[in-house]
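Note sheet for the following structure.
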Amino acid sequence: MTASRAPAEPTVREFEATVESVDGREVVLDETYFYPESGGQPADRGTLDGHLVDDVVERDGAVVHALAPDVEVDLAPGDEVTGLVDDAFRTYCMRAHTASHVLYGAARRIADDLGYAGFDISETKVRVDLTTAEPLGDGDLIELERLANRAVWDSLPVSWETHSAEAARDVDGIAFNTKTEEGAMSGGDAVRVVTVGDEGDPWDVAACGGTHVASTAEIGPIAVLDRSNPGEGVTRVEFAVGPTAIDELGAVHAAALDAATTLDARVGDLPDAVARLRDEADRLEAELRNAREELLGARLREFPTVEVDGARWAIGTVDDADPNELREPAQEALGGDDAPDALAAVGTGDAPFVVVAVDGDAVGDPGVDAGEVVGAVTDEFGGGGGGGPTFAQGGGLDADPEAVAAWLRER
């Protein structure tokens, strides 16, 4: 078995090794510092004697280096080769993986019944899936970012040791489950345990087989990007480290400054400024709604009236209106000494509708029932609807609105 030495010695970037076997493009060495894809951390990149390494996986107890498909493989068992691990990508993965521990440690401090449900590193961001008693909200996300960056600033030491499985499970507060065990089992009964912070009072402890930096200060800024809920009881937190984090924090700052300039406020006063703007928007919306109701009421009061079965009806068409907007204006139009007994408004546009309102005092007179009238209209012109004696509406009419209004006057 040739386990990768990368987790134990993550700073090694160049090494000498002997080729044990070659199968097509797949090469196995007697020892390697390439990290094979495992536990959410991607495989290392680099070269073997100048041959580009396309992928690294662990298979049947051996670390297999898959060379790029367009590379002519001229290696043979017994050859001495030089391995070069891509420094930039390994460093990024070390920082990102350690940052996931830091973020989990922050989550320990704000969430109840915390559990670990998954982890993944991509080139631009990292995700950690957490199980919590309650979903994490916006305030929790902000606190996660704040606590994680404080842990980075505090330059907490990061260490790793190998324990027996029994001893590892006895470590107080260890994150140890089927997800975190992947890559942590280094063979037999051995478990690799990573500790962030002092052992007496650690920030986080987890069974983990990934590569890590020696101090949280090496991580740099952490920017929480988003959260989602991929499954019941699971909160997915996405964050960034390195250039993506710097760009995100800069973009957020720029957006805050732009908003502050627009609102003529300081960044720190944005919540109050936005609250005032929301109140003003609510006030204007209410005024607009009232003005629109008055305008619709005025339109309805201009409808011509006609005697239908002994009742006085106001019947007409109305443009640019929604049937739900007409309820109050229609009922108000029936008030007053010279008001009609009932009103029927036919909406124009691509989806003609009818709204019928009846004065309560007229209900019970022959033919003066809003629901019955709407039913008669939909029987005649199609569509559907319903309502009670004093108000009803129907939609989906298959007729010209003026023809519907004329039919209502002549029925």
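The values are calculated or read from the model by the stated rules, or taken from the named source; none is laboratory data. Keep in mind it's a predicted model, so treat the numbers as computed, not measured. So basically every Cβ, Gly included, is an ideal-geometry build from the backbone, and we count neighbours across all protein chains shown. All accessible areas refer to the heavy atoms of the entire protein, side chains included, with ligands and DNA or RNA removed. Shrake-Rupley method; radii C 1.70, N 1.55, O 1.52, S 1.80 Å.
Restricting to the stretch 379-405, name every residue that is open to solvent by less than 50 Å² (accessible area, probe 1.4 Å) and within 20 Å of Thr348 (Cβ to Cβ). Walk me through it before giving the result.
Residues of the stretch 379-405 that are open to solvent by less than 50 Å² (accessible area, probe 1.4 Å), as a first pass: 381-382, 384, 386, 388, 391-392, 394-395, 397, 399, 401, 403-405.
Selection gives Phe381, Gly382, Gly384, Ala392, Gly394, Gly395, Leu397, Ala399, Pro401, Ala403, Val404, Ala405.
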Discussion item. One residue is enough: does the stretch 291-304 have a residue meeting the conditions surrounded by 11 or more Cβ atoms within 10 Å (Cβ to Cβ), under 30 Å from Ala362 (Cα atoms), touching a residue at least 40 places away in the same chain (Cβ under 8 Å) and among the aliphatic types (A, V, I, L, M)?
Written reply: yes
Worksheet item: Taking only pairs six or more apart or across chains, which ones have beta-carbon atoms under 6 Å, a first residue in the stretch 316-345 that is under 15 Å from Ala392 (Cα atoms), and a second residue that is buried (at least 24 other Cβ atoms within 10 Å of the Cβ) and among the aromatic types (Phe, Trp, Tyr)?
Response: Pro323/Phe353; Ala342/Trp313
Discussion item. Arg192 - would you say it is among the charged types (D, E, K, R), closer than 30 Å to Ala168 by Cβ and under 28 Å from the mean Cα position of the chain (by Cα)?
Written reply: no
Practice prompt. May I ask you to verify whether Glu287 is open to solvent by 50 Å² or more (accessible area, probe 1.4 Å) and touching a residue at least 24 places away in the same chain (Cβ under 8 Å)?
Written response: no
Worksheet item: Would you pick out the residues in the stretch 191-230 that are open to solvent by 10 Å² or more (accessible area, probe 1.4 Å), assigned to a strand (DSSP E or B), in contact (Cβ under 8 Å) with a residue 12 or more places away in the chain and over 30 Å from Glu166 (Cα atoms)?
Response: Val224, Leu225, Asp226, Arg227, Asn229, Pro230
Fill in: Boolean, Tyr116 is surrounded by fewer than 21 Cβ atoms within 10 Å (Cβ to Cβ) and either of a type in the set (Ser, Thr, Tyr) or farther than 20 Å from Ser38 by Cα (or both)
yes
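Suppose the filter is of a type in the set (Gly, Ala, Ser) and crowded, with 17+ Cβ neighbours inside 10 Å; does Ala6 pass it?
Details: of a type in the set (Gly, Ala, Ser): yes; crowded, with 17+ Cβ neighbours inside 10 Å: yes.
Yes: the conditions hold for Ala6.
Pick out the one residue from Leu29, Leu75, Leu84 that is modelled with pLDDT under 95 and over 25 Å from Ala206 (Cβ atoms). Give the derivation first.
Details: Leu29 fails: modelled with pLDDT under 95; Leu84 fails: modelled with pLDDT under 95.
Result: Leu75 is the single residue among Leu29, Leu75, Leu84 that is modelled with pLDDT under 95 and over 25 Å from Ala206 (Cβ atoms).
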Practice prompt. Give me the pairs, please: first residue somewhere in the stretch 241-264 and at negative phi and open to solvent by 100 Å² or more (accessible area, probe 1.4 Å), second residue anywhere and of a type outside the set (S, T, N, Q) and in a helix (DSSP H, G or I), beta-carbon distance under 9 Å, and either six or more positions apart or on two chains.
Written response: His253/Val267
Worksheet entry | Test set (1) more than 45 Å from the chain's Cα centre (by Cα); (2) farther than 19 Å from Leu295 by Cα - Ala314 fails condition number | (2)
Item to complete: Could you grab me the full set of residues in the stretch 144-170 that are crowded, with 18+ Cβ neighbours inside 10 Å and within 23 Å of Ala223 (Cβ to Cβ)?
Response: Leu144, Glu145, Leu147, Ala148, Asn149, Ala151, Val152, Leu156, Val158
Discussion item. I'd like to verify a number: residues in the stretch 106-121 that are at pLDDT 90 or above, out of contact with any Pro (no Cβ under 8 Å at 6 or more places or on another chain) and over 20 Å from Pro202 (Cβ atoms), how many?
Written reply: 1
